[in-house]
1. Is the range 90-107 home to any residue that is touching a helix residue (DSSP H, G or I) at 6+ places or on another chain (Cβ under 8 Å), part of a loop (DSSP other than H, G, I, E, B) and surrounded by 14 or more Cβ atoms within 10 Å (Cβ to Cβ)?
2. Condition check: part of a strand (DSSP E or B), within 14 Å of the chain's Cα centre (by Cα) and either touching a residue at least 12 places away in the same chain (Cβ under 8 Å) or within 13 Å of residue 27 (Cβ to Cβ) (or both). Does residue 75 satisfy that?
3. Looking at the range 108-128 only, could you name the residues that are outside any loop (DSSP other than H, G, I, E, B), out of contact with any helix residue (DSSP H, G or I) (no Cβ under 7 Å at 6 or more places or on another chain) and either in contact (Cβ under 8 Å) with a residue 40 or more places away in the chain or under 19 Å from residue 3 (Cβ atoms) (or both)?
4. Among the residues of the range 57-79, is any within 19 Å of residue 129 (Cβ to Cβ) and surrounded by 14 or more Cβ atoms within 10 Å (Cβ to Cβ)?
5. Quick one: would you say residue 37 is over 18 Å from residue 3 (Cα atoms) and either loosely packed, with under 15 Cβ neighbours inside 10 Å or touching a strand residue (DSSP E or B) at 6+ places or on another chain (Cβ under 7 Å) (or both)?
6. Going through the range 50-72 one residue at a time, which ones are in contact with a strand residue (DSSP E or B) (Cβ under 8 Å, 6 or more places away or on another chain), outside any loop (DSSP other than H, G, I, E, B) and more than 18 Å from residue 105 (Cα to Cα)?
7. Can you tell me which condition residue 44 does not meet? The list is (1) surrounded by fewer than 18 Cβ atoms within 10 Å (Cβ to Cβ); (2) in a loop (DSSP other than H, G, I, E, B); (3) at pLDDT 95 or above, and all the others hold.
8. Exactly one of these conditions fails for residue 13: (1) out of contact with any strand residue (DSSP E or B) (no Cβ under 8 Å at 6 or more places or on another chain); (2) exposed (fewer than 11 other Cβ atoms within 10 Å of the Cβ); (3) farther than 25 Å from residue 100 by Cα. Give me its number.
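The values are calculated or read from the model by the stated rules, or taken from the named source; none is laboratory data. Just so we're clear, the structure is a prediction, and the values are computed from it rather than from any experiment. All Cβ positions, glycine included, derive from the backbone under ideal geometry; neighbour counts span all protein chains shown.
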């Protein structure tokens, strides 16, 4: 089962270079916003996960930039769960502009980690239950 959500992000001036093009370093933040929104749409607060001792550090990021995004663009970030998570959770992303042009393809792998011990742990059952019930 693949769960998908969409997040809209408006490009701010500070995220662009002198040519008005979004600097590549900002895309990691766009993915983070989309991941947190993906969780929220499942009914899970990332803040409450952290408060309950689970953190999700990024293990790997991969980007393919097809076209540029520009200042004031409205981006649509489509976030999909690649597979049922275990110790790692893998997301695939597609970023479109308002003309529905595919700008960027990305993936992010995160690891479930115990906040106190800093050791990898399995995906929490409450998250698995939400994923498998949808």
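1. So the first thing to find is which residues in the range 90-107 are touching a helix residue (DSSP H, G or I) at 6+ places or on another chain (Cβ under 8 Å), and the list is 91, 93, 95, 104, 106.
Checking which are part of a loop (DSSP other than H, G, I, E, B) leaves us with none.
Taking every residue of the range 90-107 in turn, none turns out to be touching a helix residue (DSSP H, G or I) at 6+ places or on another chain (Cβ under 8 Å), part of a loop (DSSP other than H, G, I, E, B) and surrounded by 14 or more Cβ atoms within 10 Å (Cβ to Cβ).
2. On the way: part of a strand (DSSP E or B): yes; within 14 Å of the chain's Cα centre (by Cα): yes; either touching a residue at least 12 places away in the same chain (Cβ under 8 Å) or within 13 Å of residue 27 (Cβ to Cβ) (or both): yes.
Considered against the rule, which asks whether it is part of a strand (DSSP E or B), within 14 Å of the chain's Cα centre (by Cα) and either touching a residue at least 12 places away in the same chain (Cβ under 8 Å) or within 13 Å of residue 27 (Cβ to Cβ) (or both), residue 75 comes out as yes.
3. Initially, the range 108-128 is screened for residues outside any loop (DSSP other than H, G, I, E, B), giving 108-111, 113-114, 120, 125-128.
Next cut, out of contact with any helix residue (DSSP H, G or I) (no Cβ under 7 Å at 6 or more places or on another chain) only: 109-111, 113-114, 120, 125-128.
109, 110, 111, 113, 114, 125, 126, 127, 128, listed by residue number.
4. Just the residues of the range 57-79 that are within 19 Å of residue 129 (Cβ to Cβ), to begin with: none.
No: the range 57-79 contains no residue that is within 19 Å of residue 129 (Cβ to Cβ) and surrounded by 14 or more Cβ atoms within 10 Å (Cβ to Cβ).
5. Details: over 18 Å from residue 3 (Cα atoms): no; either loosely packed, with under 15 Cβ neighbours inside 10 Å or touching a strand residue (DSSP E or B) at 6+ places or on another chain (Cβ under 7 Å) (or both): yes.
Considered against the rule, which asks whether it is over 18 Å from residue 3 (Cα atoms) and either loosely packed, with under 15 Cβ neighbours inside 10 Å or touching a strand residue (DSSP E or B) at 6+ places or on another chain (Cβ under 7 Å) (or both), residue 37 comes out as no.
6. To start, the set of residues in the range 50-72 that are in contact with a strand residue (DSSP E or B) (Cβ under 8 Å, 6 or more places away or on another chain) comprises 53-72.
Now narrow it down to the ones that are outside any loop (DSSP other than H, G, I, E, B): 54-55, 58-65, 70.
Selection gives 54, 55.
7. So the condition that residue 44 fails would be (3).
8. (3)
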